[in-house]
Every structure is written in C-alpha cells, then in structure tokens.
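Asker: Got a structure here, written out as structure tokens. Questions coming.
The values are calculated or read from the model by the stated rules, or taken from the named source; none is laboratory data. The model shown is predicted, which means the values in this text are computed figures rather than measured ones. Glycine also receives a Cβ, built like all others from the backbone with ideal geometry; neighbour counts cover every protein chain displayed.
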Ligand code: R5P
C-alpha cells in the first residue's frame, strides 16, 4: 500500500526513521510562529495513499497537540486512512478526576482526535491504560520495554536488580527483569496530589546491597520520583544506579539533578528527542502500523 509519512516538528527524526522502514514517501512540516503565539503550519509536497502523521505532544504540549490535530485534519483532505502516531501522548496523566472539580482533559483530547477524523492512534507506553478508554476510535498502545531491555542486555551488568519507583509500574519492571533474566521489586511511592511532592515509603530492601540497580519507569518529568528512588536505593548500599524510561521529558534541569542524586546513566527512547534518547522506537511503531 502506498504510504506517506508526515513528520510534525516535534518528531521529525523519528518520523524519518519510520518512513525509511516503511519505504514510504516522507513529507516535512514547518511552522512559523507569529508574534501573538499563533503558528502557521506548512506541509511541503502532496501526501497520497495511507497517511501516517507522527508528532509527540511533549512540551509545549498544547502547541504540539494543536499541530498534530492540524496535520491530521489536513491529511484527511488527501486520504480516508490516517494513522496518528503520537509516541508520547501528553495529558494522559489527566485521565480521571483525582480531586473534586478537576477536568478529565484526556477525555476532551480524545474527542479532538475523533473530530479531525484520525482512523487510528498509535501511542508508545501511554501513562495510564485508563486514558485509552476515552478514545472512541481504534487506539493501540505499544510497549518500548523490549527495546530498552535490549540496550541494557548489551551492557552486560552482573545480576542487576530491576526496580520500579512505584507499585503502579510493577508489571513493567517484571517484564524488564524477565528479559534480563534477573529479579525485580517495586518501591512504595506516595505523591501529594496538591504539591506534587514525592516520598518513598518502602521499608529496607534485603536484596539491593552491592548490586547494580536499574530503575524502570514510563516517564521522567521533573525527576522527583527517580531522585527519591535513587536516594532510597543508595541507603540500601546498592551498586551503580541506572535509569531506563520510555519518555524523558526532563523538565527544569531534571537530568542534572538526577545525576547529582547518584544516577550513573539515564537511557530513554526517541519518543522525545534528548541527549538520553539513545533507544530507537521506530521498529516497534512500524510493527504496530504495518
Ligand atoms: C508516575 O506514576 C509516573 O510513572 C512517573 O513516575 C512520574 O510521572 C514521573 O514524574 P516526575 O519525574 O515529576 O516524578
């Protein structure tokens, strides 16, 4: 099937890789931001066949989201089959009303993707599976754990312990540990819903002493969760601390703060471009859309 891949400005490197794997036509998009903050989006060339729009919605979240929607809406003028690849899906954390009066923004965002007539959405490691329930169009959530684990297998760490910084991520750490043929655990984390501050409430770990640990999470935002987990693990006399995550947002100098907390290496995927994004997610994305 003839395929065109359109790269939104947030994901052009990844979009080009996807196009190459699919042997598809690649079209770039460009934006011009006006003094009032509005942006003009231009696609160079005519898409045809099945169209794949690739755009993560990391910060500036709202701007990247509007661009994704605009690209899909334009693509719809050329084709009835539009796959929206949103590798990092912003707003997935606002998937329910945690405190009274909070708006479930994810529900509204899901409606927008239906409104612009995307045929299908592909997401990599969505923050919460509950977020997926808000979509009224087909949605596929794929996991980058295998790709991250493949990277760590090459490091040949001796008997590493895989650690999830919270219980919500226990199945991710179990899967990661299985691929490394080692064991795993999950810490007990508490986040204050008003201040966002994080505390680790776990009691001492018996099996971390002297071992290299890999903290595995879906995303790093401010780095608060990883820093608290690293501080806790150091108190357990662990060896080196590595971090593996799918989406490294690394807000407000988070990378530096994480390193200062004792982490030797942060590894993430290219769903969000950054210095730590050394694991390519294009292969698993292509599998999901082929
Ligand atoms: C929480 O449930 C997530 O899996 C991440 O641990 C969290 O979103 C990371 O945020 P931050 O880096 O700000 O602690």
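Asker: Being surrounded by fewer than 23 Cβ atoms within 10 Å (Cβ to Cβ) and within 16 Å of the chain's Cα centre (by Cα) is the filter here, so list the residues in segment 232-249 that pass it.
Answerer: Answer for segment 232-249, where residues must be surrounded by fewer than 23 Cβ atoms within 10 Å (Cβ to Cβ) and within 16 Å of the chain's Cα centre (by Cα): just 249.
Asker: Could you tell me which numbered condition residue 148 fails, if it satisfies all but one of (1) crowded, with 21+ Cβ neighbours inside 10 Å; (2) modelled with pLDDT under 95; (3) under 17 Å from the mean Cα position of the chain (by Cα)?
Answerer: (2)
Table: residues versus (1) assigned to a helix (DSSP H, G or I); (2) closer than 22 Å to residue 272 by Cα.
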site	(1), (2)
92	no, yes
101	no, no
114	yes, no
137	no, no
154	yes, no
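Asker: Being out of contact with any strand residue (DSSP E or B) (no Cβ under 6 Å at 6 or more places or on another chain) and closer than 22 Å to residue 213 by Cβ narrows it down to one of 283, 255, so name that one. Break it down stepwise before answering.
Answerer: On the way: 283 fails: closer than 22 Å to residue 213 by Cβ.
When all the criteria are applied, what remains is 255.
Asker: Which pairs do you get when a residue that is over 22 Å from residue 127 (Cβ atoms) and modelled with pLDDT of 95 or more, found in segment 232-249, comes within reach of a residue that is within 10 Å of the ligand (Cβ to nearest atom) and not in a helix (DSSP H, G or I), reach meaning Cβ atoms under 7 angstrom, with the pair 6+ apart or on two chains?
Answerer: 241/215
Asker: Where in segment 184-286 are there strands (runs of 3 or more DSSP E), lying fully within it, with 2 or more residues that are within 14 Å of the ligand (Cβ to nearest atom)? Before the answer, list the steps.
Answerer: Values: elements: 184-186, 189-191, 198-200, 213-220, 241-248, 263-269, 277-279.
Passing ranges, in order: 189-191, 198-200, 213-220, 241-248, 263-269.
Asker: Before we move on, is residue 266 buried (at least 21 other Cβ atoms within 10 Å of the Cβ) and on the phi < 0 side of the Ramachandran plot?
Answerer: Yes.
Asker: Quick check on my filter: what residues within segment 156-172 are in contact (Cβ under 8 Å) with a residue 40 or more places away in the chain, away from the ligand (no atom under 11 Å from the Cβ) and either surrounded by fewer than 16 Cβ atoms within 10 Å (Cβ to Cβ) or outside any loop (DSSP other than H, G, I, E, B) (or both)?
Answerer: Correct list: 158, 159, 161, 162, 163.
Asker: Do we have residue 74 as part of a strand (DSSP E or B) and either surrounded by 15 or more Cβ atoms within 10 Å (Cβ to Cβ) or in the same structural domain as residue 26 (by TED's automatic domain parsing) (or both) here?
Answerer: So residue 74 does not fit the description; no.
Asker: Let me ask another. Within segment 42-62, track down each residue that is more than 23 Å from residue 282 (Cβ to Cβ) and in contact with a strand residue (DSSP E or B) (Cβ under 7 Å, 6 or more places away or on another chain).
Answerer: 42
Asker: Can you name every residue in segment 169-203 that is out of contact with any helix residue (DSSP H, G or I) (no Cβ under 8 Å at 6 or more places or on another chain) and farther than 17 Å from residue 223 by Cα?
Answerer: 170, 171, 173, 174, 177, 178, 181, 182, 194, 201, 203
Residues are listed down the side, and each one gets a yes or a no for (1) in a strand (DSSP E or B); (2) in contact (Cβ under 8 Å) with a residue 12 or more places away in the chain; (3) under 18 Å from the mean Cα position of the chain (by Cα); (4) surrounded by 11 or more Cβ atoms within 10 Å (Cβ to Cβ):
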site: 26; (1), (2), (3), (4): yes, yes, no, yes
site: 29; (1), (2), (3), (4): yes, yes, no, yes
site: 32; (1), (2), (3), (4): yes, no, no, no
site: 40; (1), (2), (3), (4): yes, no, no, no
site: 45; (1), (2), (3), (4): no, yes, no, yes
site: 48; (1), (2), (3), (4): no, yes, no, yes
site: 51; (1), (2), (3), (4): yes, yes, no, yes
site: 58; (1), (2), (3), (4): no, yes, yes, yes
site: 62; (1), (2), (3), (4): no, no, yes, yes
